[in-house]
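First up is the structure itself, then whatever we jot down about it.
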Amino acid sequence: MRKPSNRRNFIKKTSLGSLGALLGAKIVYALPEGYLPLALNQENDPGKLFGKHEEMVVLNDQPWNVEAQAHLLDDPVTPADKMFIRNNGIIPEDINVNSWTLTIKGESSGQEKTYSLQELKTKFNPHSYQLVLECGGNGRSEFYPPAEGNQWTVGAVSCARWTGVRLRDVLRDVGIKDNAVYVGYYGADTHLSRDPNKNPISRGIPINKAMEDQTLLAYAMNDQDIPIAHGHPLRLIASGFPASVSGKWIHTLAVRDRVHDGEKMAPPSYSVPCEPVQPGTNVANEDMCIIEKMPVKSLITYPKSGAIIGENQKLTIRGHAWTGAGNISEMEYSIDFGATWKPCKLKAAVNPYAWQRFEAAITFPQKGYYEVWAKATDSEGISQPMLTPGWNPKGYLNNACHRIAIKVS
């Protein structure tokens, strides 16, 4: 694993054929029950600190931003060691699960009410779903002119199994007013300046998203405690929206009578131009709209780009496809740069907001260099573009077709 940089804005440059990022980890601590270690050093190797796979790539260490390569994401359920990390502040340094609480309040909350973790686990029914989380900036490295921010390639996405209680069950227990518009979150992470009066991030979701079956207050990932880098002991999960709305280390939720006004809710953060713009345009904040639904997308996870096969040998490819709403209805591949397309076998999602597995057996017409392109189409008939779509100043929502290089010799 690459060592983290001491520079705050370390950027990894990649070629068009390179693949992206993802992570997570199970950590064992020899500490008193209910405690995680004090002072997680932000400059340590994430492989040692978080148990990440050695091929994970560090884009930034202040805060931690780490991605997987596409071939690391081949598992149907993403394991913790291959799950991307996208943080905005410093990971909490003193977590006591025995005293952790969640407070619900806000203008549109029927009352202010606080729950312990144990109360959440025992008072409400548990639910488990496989849910895609994707950074809004996944694929940012392909935009031109370049966009500011961590230069994610294709791997800032995961589909782990999350277990928790439905947010709507807790909101109904508290009581919400008819004028409820948004639910904003507050986490225990610290601003990079360590100023206690600053929040590194405080985003949220519209009330209709909060009331969906799959929107969870999660306390487990892949049937274990959530790893510290991914929000232990309590995380909001709102799949289908940018992963930034799935707040980590949650201690407070605010039921708002307006769009939440927390840190990184206002443009240009997690916003795109309301109307298409010419690449390189300086877009005014008032002309930006908040991102909600993530676009249709797919990823070839096998084989690794650069594979070499023999002449007349069939190549099996496989991967995942997903979308922010509905489901994937069709999956295709091309070996002639999109001139023609052939179908892949596509599995149904195990539940809403889970990715769908695809595979295909490919025969190449002759020896030489090829690119295998993958294209998903969703249930609304919307397909991935072959080129980087919709330039925007922050480099969000790149869902161009993924491709890998193959040599037939």
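The values are calculated or read from the model by the stated rules, or taken from the named source; none is laboratory data. If you're wondering where the values come from, they're calculated on a predicted model, not measured in any experiment. Here Cβ is always computed from backbone atoms with ideal geometry, including for glycine, and neighbour counts include all displayed protein chains. Quick note on the areas: whole protein, heavy atoms, side chains included, nothing else; ligands and nucleic acids left out. Shrake-Rupley method; radii C 1.70, N 1.55, O 1.52, S 1.80 Å.
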Residues (part of a loop (DSSP other than H, G, I, E, B) and either under 19 Å from residue 394 (Cβ atoms) or open to solvent by 10 Å² or more (accessible area, probe 1.4 Å) (or both)) located in the stretch 241-259
241, 242, 246, 248, 257, 258, 259
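Filter the stretch 201-210 for residues that are surrounded by 18 or more Cβ atoms within 10 Å (Cβ to Cβ) and not β-branched (Val, Ile, Thr) and give the result.
The answer is 202, 203, 204, 206, 209, 210.
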Restricting the search to the stretch 192-206, which residues are closer than 20 Å to residue 100 by Cα and over 21 Å from the mean Cα position of the chain (by Cα)?
196
I'd like to know if the stretch 224-236 contains one or more residues that are outside any loop (DSSP other than H, G, I, E, B), farther than 21 Å from residue 106 by Cβ and among the acidic types (Asp, Glu).
yes
Only unsatisfied item for residue 21, checking (1) farther than 22 Å from residue 202 by Cβ; (2) open to solvent by less than 20 Å² (accessible area, probe 1.4 Å); (3) modelled with pLDDT of 95 or more, is (3)
Condition check for residue 326: on the phi > 0 side of the Ramachandran plot and touching an Asp or Glu at 6+ places or on another chain (Cβ under 7 Å):
yes
Select from the stretch 102-161 the residues that are over 25 Å from residue 67 (Cα atoms) and charged (D, E, K, R) and list them in ascending order.
105, 107, 112, 113, 119, 121, 123
Might you let me know whether the stretch 106-120 holds any residue that is in a loop (DSSP other than H, G, I, E, B) and of a type in the set (A, V, I, L, M, F, W, C)?
no
Applying the selection to the stretch 388-409, what residues are among the basic types (Lys, Arg) and either assigned to a loop (DSSP other than H, G, I, E, B) or surrounded by fewer than 18 Cβ atoms within 10 Å (Cβ to Cβ) (or both)?
394, 407
Please specify each residue of the stretch 143-168 satisfying the condition of being assigned to a strand (DSSP E or B) and open to solvent by 10 Å² or more (accessible area, probe 1.4 Å).
161, 163, 166
Tell me whether the stretch 179-200 contains one or more residues that are open to solvent by less than 40 Å² (accessible area, probe 1.4 Å), over 22 Å from residue 270 (Cβ atoms) and in contact with a strand residue (DSSP E or B) (Cβ under 9 Å, 6 or more places away or on another chain).
no
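Counting just the residues of the stretch 373-387 that are touching a residue at least 60 places away in the same chain (Cβ under 8 Å) and within 16 Å of residue 324 (Cβ to Cβ), which one comes out surrounded by the most Cβ atoms within 10 Å (Cβ to Cβ)?
It comes out as 376.
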Exactly one condition in (1) surrounded by fewer than 22 Cβ atoms within 10 Å (Cβ to Cβ); (2) in contact with a strand residue (DSSP E or B) (Cβ under 7 Å, 6 or more places away or on another chain); (3) of a type outside the set (D, E, K, R) is false for residue 277; which is it?
(2)
